[in-house]
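K.L.:
Provided herewith is a single structure, encoded as structure tokens, for subsequent inquiry.
The values are calculated or read from the model by the stated rules, or taken from the named source; none is laboratory data. All values reported here derive from a predicted model rather than from experimental measurement. Note that we place each Cβ from the backbone using ideal geometry, even for glycine, and neighbour counts take in every protein chain shown.
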Amino acid sequence: MGNSIEKKIFRGTMVIILVGILAKITSFIQEAILAAYLGTTNQSDAFYMVSSIQAVIYPMLSVGVWKVFLPLYKEKYAQGKSGEADALSNQMISFFSIVSFLAVCALILLAVPVVSIVAPGFEGETKELCAKLVRISAPMYFFIIAAAIYASMLQAHGKFFGSQVREIASHVPTIIAALFFYKNYGIEAMAMALVAGGFIRLLIELPFVDWGYRFHPDFHFKTSEFRIMLKRLPSALVSESVGQLNTLIDKVMASTLPEGTISGLNYGGKLSSVFGGLLSGAIATALYPQMIEMIALKKIQELARLVAKIINIFCVLMVPITVACMLFSRELVTAAFQRGSFAAESTALTANIFALYCLGLFFGASNSVVSNVFYSFGDTKRPMFISLINLGINVALNLCLIQLLGVNGLALATSLSAIITFFVRNVMVRKYVHLEYKKIFLTFLKVLGASGVACFAPRILFWIYPVNPWLILVISAAMGILIYLGMIKLLRVKELEDLLEIIKKRFWNLFKQ
């Protein structure tokens, strides 16, 4: 990997991780506040079902547009055709503003049928409340696409902070609504906060667009670039919607289970994303523009080595996190959420869900990077095909495991489908790059063994001598890290040393500058 590309990836990743940490902290504060105010009740079920609809549509459109728009936009700017790049941006925003307006109107008019589809187990008051919240929150979708397009433009110009800071600001209205307006205005205030969050998500990006671009409505939708975008977009949207659809399907099925189950799935999923989504999302976002550049320069072997290195880094970092989260799930959920209306019963429900979601963390992270290989080559059909396989596997496992394990079966199905499609994705990516699978597998076995020893030692200790959950987490983290580093050294896992060397070298270069 060239020094300049490594430098760009490192800088982009560090910016995204730092902003992402703040976003995750803000999101966690939001979830903790909501848990304290709402607990696991029919009101929280209705609100989180509305949030689940947003969680499907927002990433699907945001990431889908990013996948197909960024390569076309970046290519134009790299060729010095800034006018054509800006024109494509204007066409995108104009087109999707129309689409968004129609979608908002449809949601307002068809709120009850939508709730009947996404939450068939909701009845009576809960169903009526959910439909009301859908109508109130519908306008937020008007801002989603414009924010996604502006974020792609910012990333093409290397402005990762501007493209990511929106995720911090979007949580603020919900926090304010919970603290100051929920008592007097009820759950409706939370739905209005979702609209405010969508608007702020777009508004906060605009000051970073400082290269002379100004939006002008452009309805010329017959240009060749716009046609290419429209041709690739449907398969990209399908691909990126599957993860969110799987979550929504989980909650649709959970709506047939006892009250509070949907909220437990939401809390467990959000907490697992804190540990799994930050690193993988940061690297995938910073890596994608550089992948496109490497392919343009015909550096395919370097790309293969880069992807394999990233997967090994995920392994070294995320496998121990997975084992730790599974063994200390109750303590983590207690520390994160158990206060106010979130009682011990809610903790017991959420802890099992959280542990089973964590089972697929490494595989989900690796999937995000491998998928970008396809998109970098302009291939949107294979990711769509793989995503549909994932969806089919998840639904089939849901139907089987919910009968055996209840709500825990839904979380387990999500992780198992991610693991299975990891292997499918890596077989199909051989069309473009050849990865060193033997080395990846060997690293995985070594890291899994080291993680087991590092995490089971403190777990056994606190089974024998139980203390305060916070104290358990602090002591276990310190013990686990020391044991893990020792085991990694003993097993000669080179990837961790390489990672530390990269971080040391890059930080030193940043300080020298």
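K.L.:
Can you tell me how many residues within segment 240-295 are in contact with an Asp or Glu (Cβ under 8 Å, 6 or more places away or on another chain) and outside any helix (DSSP H, G or I)?
P.N.:
So the answer is 3.
K.L.:
Somewhere in segment 209-221, is a residue surrounded by 18 or more Cβ atoms within 10 Å (Cβ to Cβ), of a type in the set (D, E, K, R) and either out of contact with any Gly (no Cβ under 7 Å at 6 or more places or on another chain) or more than 27 Å from residue 113 (Cα to Cα) (or both)?
P.N.:
yes
K.L.:
Additional query: Scan segment 248-268 for residues that are in contact (Cβ under 8 Å) with a residue 12 or more places away in the chain and either surrounded by fewer than 21 Cβ atoms within 10 Å (Cβ to Cβ) or over 24 Å from residue 168 (Cα atoms) (or both) and report the count.
P.N.:
Qualifying residue count, segment 248-268: 14.
K.L.:
Moving on to the next point. From (1) among the hydrophobic types (A, V, I, L, M, F, W, C); (2) at pLDDT below 85; (3) crowded, with 22+ Cβ neighbours inside 10 Å, pick out the condition that doesn't hold for residue 328.
P.N.:
Only one criterion in (1) among the hydrophobic types (A, V, I, L, M, F, W, C); (2) at pLDDT below 85; (3) crowded, with 22+ Cβ neighbours inside 10 Å is unmet by residue 328, namely (2).
For (1) among the hydroxyl-bearing types (Ser, Thr, Tyr); (2) buried (at least 20 other Cβ atoms within 10 Å of the Cβ); (3) under 23 Å from residue 273 (Cα atoms), each residue gets a yes or a no:
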site	(1), (2), (3)
415	yes, yes, yes
419	no, no, yes
436	no, no, no
447	no, yes, yes
454	no, yes, yes
474	no, no, yes
486	no, no, no
492	no, no, no
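K.L.:
Turning to a different aspect of this structure: Which condition from (1) modelled with pLDDT of 80 or more; (2) aliphatic (A, V, I, L, M); (3) more than 18 Å from residue 447 (Cα to Cα) is the one that residue 284 breaks?
P.N.:
(1)
K.L.:
Within the bounds of segment 501-508, is there any residue that is surrounded by 13 or more Cβ atoms within 10 Å (Cβ to Cβ), on the phi < 0 side of the Ramachandran plot and modelled with pLDDT of 85 or more?
P.N.:
no
K.L.:
Identify, please: which residue in segment 177-224 is assigned to a helix (DSSP H, G or I) and polar (S, T, N, Q) and is, among those, farthest from residue 146 (Cα to Cα)?
P.N.:
Filtering segment 177-224 for residues that are assigned to a helix (DSSP H, G or I) and polar (S, T, N, Q), the one farthest from residue 146 (Cα to Cα) comes out as 184.
K.L.:
Any idea which of 385, 374 is under 20 Å from residue 248 (Cα atoms), out of contact with any strand residue (DSSP E or B) (no Cβ under 6 Å at 6 or more places or on another chain) and in a helix (DSSP H, G or I)?
P.N.:
385
K.L.:
Now a separate question. Return yes when residue 435 is in a loop (DSSP other than H, G, I, E, B) and touching a residue at least 60 places away in the same chain (Cβ under 8 Å) and no when it is not.
P.N.:
Yes, satisfied.
K.L.:
Considering only residues that are at pLDDT 85 or above and not β-branched (Val, Ile, Thr), look in segment 166-177 and name the one that is surrounded by the most Cβ atoms within 10 Å (Cβ to Cβ).
P.N.:
177
K.L.:
Give the residue that is surrounded by the fewest Cβ atoms within 10 Å (Cβ to Cβ), with candidates limited to residues of segment 222-239 that are touching a helix residue (DSSP H, G or I) at 6+ places or on another chain (Cβ under 8 Å) and either of a type in the set (D, E, K, R) or modelled with pLDDT of 85 or more (or both).
P.N.:
225
K.L.:
Let me ask something else about it. If you go through segment 298-320, how many residues are closer than 17 Å to residue 273 by Cα and surrounded by 20 or more Cβ atoms within 10 Å (Cβ to Cβ)?
P.N.:
Number satisfying all stated conditions: 5.
K.L.:
Sticking with this one: Sort out for me the helices (runs of 4 or more DSSP H) sitting completely within segment 82-165 that have 2 or more residues that are modelled with pLDDT of 85 or more.
P.N.:
Output list reads 82-109, 111-118, 124-137, 144-156.
K.L.:
Between a residue in segment 322-338 that is at positive phi and part of a helix (DSSP H, G or I) and any residue that is surrounded by 23 or more Cβ atoms within 10 Å (Cβ to Cβ) and modelled with pLDDT under 85, which pairs come within a Cβ distance under 7 Å, given they are 6 or more apart or on different chains?
P.N.:
Going by the 7 Å Cβ cut-off, there are no qualifying pairs.
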